[in-house]
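Right, one structure below, let's go through it.
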Amino acid sequence: GQLARGGSMNTTVRLCHDGQTLYILAACKERPGRTPKAKEDTRDGRVWDDDCIELRIETLAKNTPQYAFIVNIAGVLYDAAGPDAFYNPDWSAVVKRGESQWTLEAAIPAAAVGLRQWQREIGFNIGRNVPGVGNQSWNPSWQDASSSRLALEGAPEAGADEEKELVSSPNVAASGSSLRIRLDRPYARPAERWIEATLQLKPKAALAQTRLDVKLFPLAKTEPVEKLSVTPTGAHAALRVDLRSAKLEKGEVALELFEGNERTGAVKAFVSAQSETPVKAGWKIAVTLDAPEGVGGLKDWPVTFGVPFAAGTLWDAKQLRLVNKSGREIPCQKEVTGRWARDGAIQWVRFDALVTPEDGCFVEVAEPSAPSTPLRVTEDGQGVTVDTGTARYVLGKGASPIREVWLAGRKVASSDGTRGLYVVDQTGKLASASADGETMAVEARGPVAACVRFEGFYRTSDGQELARHITRVECFAGQPAASITHTLVLTNDTNKVWFKEIGWEFAVSPGASPEALFGLSPDQHEKRLSIPLSDAAKSACMLQDSHYVFAHGKDHFSVAVGGATRHEGEECGDWAALVGRDAGLQMVCREAARQHPKEFEVFGNRMVLKLFSNRAGEELDFRTPSLVKRWDLETWVKKAAREQEQKEEGYVAKVAQYNSNAVGWSRTHQLLVNPLPAGNAAETAARASRLHRQPLLALVDPWWIYESQAMGP
């Protein structure tokens, strides 16, 4: 409805609810030429000194106050229960400014007015106050909710959610009439931290005039180890008790409700925490290291694995470290990735470690000493720099998450003058990753691994969003290569926007005598082709244009220079590199052949990894006629019809008429960017590609899993 009609200060309000929360949308037109003050930035200050929306709510119950909720054009809140401006319940509001109006979206939970859920009818008024103009409200009685009602369709009648009588659990001692506690299980099971209870409050005074004191005592002690005092905001509340942080096996929890200075209710309950046999100092869990055949000399090599623990046996991952078979500590970092219950005992621990397979690996229950490693992560206003000790990556928002790659003090590659991460739509429009609205976060930093996550849009030069990307760059101590997980997310109607090309481009400084290296086999990693690149304007490319899929098609790739084929085969390797006398850069895409069409294009001074290539005429097109053609559906239907003696007439044409929209579709690629030394670049690249495709694996001892019952009986 509208608070006022006509003029330049119209205010339109819409309301809805879901039983627990009342939602308000207000659109407030502004007076032309008026400049909002918006100076007040303190909650519960004089927010009404500027343009604001004011709500008044009454629950219609006896001895309850009128609640006020106010938001001004600056998005600053004021709330009160009657005259109590210190009443600050949980509710939210968002203000958005436009050219000629501002809008407010607010969400007020029922608990903010002392209700368990919204009731069928409440006292309600909403208005707008504009200094110098005046106020307007739904109920002409400004700031009054007592003389008007808001009916909430589908909500229960007032009092329908209240118990007829407050009753405590039988294992609880209670006195007074205003407070009861429901404690169905007065103990925490071995894997649990919290003992949970439900409080029921029914004071005679308004909740805003009450105080609830909670204390936790050791058994037979008079001094509490924890205490808390709060003003209740609802007739029902959840209580959670943590004995484990207090290092108590048993305790007593006591609650008192005060109305003013008078205690009107009190409850006491005995609680306990069950325990299992914890992991003991000195215990060792064997970890099997499985390196691919024929790859020797792995030393301080990065590996990631998880270790499970039985319920209630491990509460702090700081108790763990890694050692080799001679007892020497192995550099690692740990992350708790799973718990048996909310904030409960640890179920899974992830380890990132630098291991030497021939030396073995064990998880030991012992205090770690934090071995030093060369990995360093620094942040500034421009981005993040990760130094692995052998290579340095300069990361930042914008066209390319990786801005620069350094090896041995030399800048090997950069995104300067390139398209960076890019897409090309069906019309030829180019969009690169954009810093506008992009997020960058260091997700992990430690002695072994660092991970930086980017998320943002591919935008055209005029700001149009064509797609979205989520890119993680992960670096390991002592390793020159960066492991990259790149996810493309389609954000537009794919009947209107589809793609010819998706890629990542780097400028490279290889030095004199540049040449392209291509891995020619996914299994025979030493098999490669070298092509000199004397003309920087010409490129050499390796394209996997087709692959057997959906029971049809053929495996085929080719390497060409200037349109002339140099090599052909069935499945290409996963990598290409640009190398010269000074340095080189390798780009790797795991399972490149099977994710066709893939292309590696190498120039004398830059290289491009095309995650989707249009060189053979394909497009990333999800329109139904295109899918029918790609799937070779007509052949499939004819074959099925012959086998089942059915008619296939018209089926393919019918399917082609269906509407297909792949908005929200995503595709993830596992990539590697690897700066190469000038000396043995080809051998280094081939080995890196193999270890990317067939990584070193680590598996916790199956006997530990069985004996500890970490995965259950």
**Asked** Among the residues of the stretch 491-509, is any closer than 19 Å to PRO302 by Cβ, touching a residue at least 12 places away in the same chain (Cβ under 8 Å) and surrounded by fewer than 21 Cβ atoms within 10 Å (Cβ to Cβ)?
**Response** no
**Prompt:** For the stretch 673-685, which residues satisfy the criterion of being surrounded by fewer than 22 Cβ atoms within 10 Å (Cβ to Cβ) and either outside any loop (DSSP other than H, G, I, E, B) or touching a His at 6+ places or on another chain (Cβ under 9 Å) (or both)?
**Reply:** PRO677, ALA682, GLU683, THR684
**Scan of the stretch 251-293 for residues that are without any contact (Cβ under 8 Å) to a residue 40 or more places away in the chain, more than 38 Å from the chain's Cα centre (by Cα) and more than 17 Å from PRO232 (Cβ to Cβ), ordered by number** = GLY251, GLU252
**Asked** How many residues, within the stretch 237-274, are surrounded by fewer than 19 Cβ atoms within 10 Å (Cβ to Cβ) and farther than 24 Å from ASP316 by Cα?
**Response** 12
**Request:** Would you confirm whether any residue within the stretch 417-440 is under 20 Å from ALA583 (Cα atoms) and either surrounded by fewer than 22 Cβ atoms within 10 Å (Cβ to Cβ) or at pLDDT below 95 (or both)?
**Result:** yes
**Matching residues, the stretch 179-193, being surrounded by 18 or more Cβ atoms within 10 Å (Cβ to Cβ) and not in a loop (DSSP other than H, G, I, E, B)** = LEU179, ARG180, ILE181, ALA188
**Item:** Of residues in the stretch 81-134 being assigned to a strand (DSSP E or B) and in contact with a helix residue (DSSP H, G or I) (Cβ under 9 Å, 6 or more places away or on another chain), the one nearest to ALA27 (Cα to Cα)
**Value:** ASN129
**Request:** Inspect the stretch 209-222 for any residue being part of a strand (DSSP E or B) and touching a Lys or Arg at 6+ places or on another chain (Cβ under 6 Å) and give the result as yes or no.
**Result:** yes
**Prompt:** Looking at (1) touching a Cys at 6+ places or on another chain (Cβ under 7 Å); (2) over 29 Å from PRO713 (Cα atoms); (3) in contact (Cβ under 8 Å) with a residue 40 or more places away in the chain, which is the only condition ASP352 fails?
**Reply:** (2)
**Asked** Taking only pairs six or more apart or across chains, which ones have beta-carbon atoms under 8 Å, a first residue in the stretch 81-94 that is closer than 10 Å to ALA112 by Cα, and a second residue that is in a strand (DSSP E or B) and among the β-branched types (Val, Ile, Thr)?
**Response** TRP91/ILE108
**Request:** Considering only the stretch 61-77, state which residues are part of a loop (DSSP other than H, G, I, E, B), modelled with pLDDT of 90 or more and not hydrophobic (A, V, I, L, M, F, W, C).
**Result:** GLN66, GLY75
**Message:** Which pairs turn up if I take residues in the stretch 546-558 that are in the same structural domain as LEU520 (by TED's automatic domain parsing) and part of a strand (DSSP E or B) and look for partners that are of a type in the set (S, T, N, Q) and modelled with pLDDT of 90 or more with beta carbon separation below 8 Å, at least 6 apart in sequence or on another chain?
**Reply:** HIS556/GLN544; HIS556/SER546; PHE557/GLN544; SER558/THR565
**Sole residue being surrounded by 19 or more Cβ atoms within 10 Å (Cβ to Cβ), among the hydroxyl-bearing types (Ser, Thr, Tyr) and either at pLDDT 95 or above or farther than 30 Å from PRO203 by Cα (or both), chosen from THR233, THR277, THR313, THR288** = THR313
**Prompt:** Mind checking whether some residue in the stretch 230-238 is within 30 Å of ALA311 (Cβ to Cβ) and assigned to a loop (DSSP other than H, G, I, E, B)?
**Reply:** no
**Request:** Go through the residues of the stretch 366-380 one by one and say whether even a single one is part of a strand (DSSP E or B), modelled with pLDDT of 95 or more and closer than 24 Å to THR277 by Cβ.
**Result:** no
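The values are calculated or read from the model by the stated rules, or taken from the named source; none is laboratory data. If you're wondering where the values come from, they're calculated on a predicted model, not measured in any experiment. Using ideal geometry, Cβ is built from the backbone for each residue, glycine included, and neighbour counts are taken over all protein chains shown.
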